[in-house]
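Worksheet: one structure, shown below.
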Amino acid sequence: MQGSPGSPLDSRLATRYQANIRKFYLFQFLLNFQLWWPIWVIYLTEERGLTLGQVTLIDVPFWLSIIALQLPAAAIADRWGRKPTLITSACALSAAVTLFGLATSFELILVSYLIWGVGFSFLMGTESAFLYDSLKALGREDDYPRIYGRAWGMFTVAALAGTLLGAPVAAATNLSLPIILSGGIAALAVLVAVTFTEPAPEARTGHRLSYRQVIADSIDIVRRRPAVRYAVLYFGLISIGSLAPIFFFQPFLREHDISLGAVGLWQTPARIAGIIGAVAAYRIVTALGERQTFYLMPAILLASYAMLALWDSVYAQIAFPFMALVVFLSQPAITDYLNRRVPSEHRATVISLTNLIRAAVLIPSAPLLGLLAERASLATAFWAGGALIAVLALPLLALWSPILRRERQPPPAPEATAPAQAD
């Protein structure tokens with residue numbers, strides 16, 4: 001029994017839910033304190049002999065595995081719990097990174113990517129739903145954008161630390177060792193996830209929805225609610241902005257004669273911009289408003305791609321921090337928009353659709369830009385990225401704009417759960 005409000009049991013539960021937030025920060029840090037961040041493309045091209053086109057093409061099986069597994073994985077989280085799903089995710093990600101660093105053949109690299117896709121599928125959607133439901137149990141769901149932004153700030157702090165340390169470690173040893181060490185660091189996140197307290201189990205046991213019903217009802221929510229549908233599609237649009245920082249930043253630096261030991265330092269401003277975008281997301285959206293924020297993000301990405309395409313200088317890398325700011329701002333901004341419109345028993349599944357749509361967008365676009373970079377130039381790839389942003393943003397924003405104009409503060413998503421507990 002949960003007990004009456006104010007009872008000792010309630011107090012213990014509140015303490016455990018509060019601890020979920022601190023542990024979530026640590027979980028994010030350990031999963032993302034990865035020493036491969038600044039050198040993984042260099043590792044694949046210079047250590048394993050892949051071309052830049054092959055580097056982007058090998059991501060296709062990764063994203064295909066996400067398309068196949070994202071909805072089932074999120075439905076598992078909605079039906080059977082956030083905690084076991086996050087434990088599974090951390091185990092898979094640790095194994096994938098370790099195998100990636102040890103792989104000596106294309107086939108093993110491919111296997112590591114497929115395991116990576118499994119881990120990513122179980123993580124995305126579930127982690128934001130876990131945090132939101134923990135806050136809701138405390139009666140603090142309005143704090144979600146600020147706290148989730150802070151968690152994504154922890155993500156970027158960890159990535160910044162890994163970026164600064166990874167390149168010097170690789171320069172002092174070899175390109176494989178930082179990756180193998182990263183697998184061990186990710187394994188520590190498993191231990192943290194084991195200590196989580198499952199939030200809002202009554203949202204699942206009370207409704208007794210079947211696994212199939214969770215998926216069917218979640219898809220129906222997207223179909224019937226245009227605001228949810230366009231927000232999910234918008235996430236795919238913003239994902240195009242992540243292509244340049246992920247795939248082309250390291251080749252861009254090497255093309256401009258930046259040494260291996262210094263590539264991490266040159267990527268640092270982008271990491272700092274990501275921290276700002278994540279941590280300040282709540283303040284940015286509050287200051288500008290949701291509609292203006294959603295208009296501004298693709299405009300910044302388009303301008304950044306244009307700068308990279310037009311300015312053949314290492315100093316054009318100033319565009320990468322702006323892209324990182326938008327990408328990391330988008331995660332808390334869009335998931336908060338969705339969380340307020342989706343009930344708890346479908347929350348992980350619906351939000352996971354953002355990851356599925358990202359996969360559907362990146363499967364054709366990443367290899368296309370990689371092929372253009374390999375066969376023509378990086379500038380050509382940057383022009384193509386900007387063109388994709390423009391072509392997709394205009395019709396999507398035209399459809400979504402009337403809804404955004406009508407909306408002020410929407411009512412909370414319908415819930416059929418027990419009343420939230422106070423602090």
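Readers should treat all values here as calculations from the given coordinates under stated rules, not as data from a laboratory. Just so it is clear, the model here is predicted, and its values are computed rather than measured. Ideal geometry is used to build each Cβ from the backbone, glycine not excepted, and the neighbour counts take in all protein chains shown.
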A chain fully extended from E46 to I219 at 0.36 nm per residue, minus the present Cα-Cα distance, gains in nm 58.0 nm
Could you go through the stretch 297-303 in sequence order and give the Karplus-derived ³J(HN,Hα) for each residue, using 6.51 cos²θ - 1.76 cosθ + 1.60 with θ = phi - 60°, rounded to whole Hz, and x for Gly and Pro? 4, x, 5, 5, 5, 4, 5
For the stretch 272-381, report the % of Cα-Cα distances exceeding 23 Å. 41 percent
What value in Å³ per residue do you get for the convex hull of the alpha-carbon atoms in the stretch 359-408? 86 Å³
At 7 Å along the Cα-to-beta-carbon direction for both L177 and A379, put a label point, then send me their distance in nm to one decimal. 4.0 nm
Over the chain, with a Gaussian network built from C-alpha contacts below 10 Å, which listed residue (A381, A287, A244) shows the highest mean-square fluctuation? A287
Through the Karplus equation 6.51 cos²θ - 1.76 cosθ + 1.60, θ set to phi - 60°, convert the phi angles of the stretch 74-79 into ³J(HN,Hα) values in whole Hz; use x for Gly and Pro. 5, 5, 4, 5, 6, 8
For the stretch 97-188, what does the convex hull of the Cα positions come to per residue, in cubic angstrom? 98 Å³
Given H placed on each backbone N at 1.01 Å, which residues far from Q34 in sequence or on other chains put an amide H within less than 5 Å of it? G162
What dipole magnitude, in Debye to the nearest 20, does the chain give about its Cα centre under +1 on Lys/Arg Cβ and -1 on Asp/Glu Cβ? 960 debye
For D143 and E407, what does the FRET efficiency come to when R0 = 25 Å and r is the distance between their Cβ atoms, rounded to the nearest 0.05? 0.75
At 222 nm, what value in deg cm²/dmol follows for the chain if DSSP H runs of at least 4 each add -39500 (n - 2.57) and the sum is divided by all its residues, to the nearest 500? -25500 deg cm²/dmol
Once you keep just the Cα pairs under 8 angstrom separated by 6 or more residues, what percentage relative contact order results for the chain? 28 percent
Consider all pairwise Cα distances in the chain and report the whole-number % of them above 37 Å. 20 percent
Highest GNM mean-square fluctuation among Q28, Q317, Q18, for the chain with Cα springs under 10 Å, belongs to Q18
Alpha carbon centroid spacing (whole Å) that separates the stretch 104-118 from the stretch 269-296: 34 Å
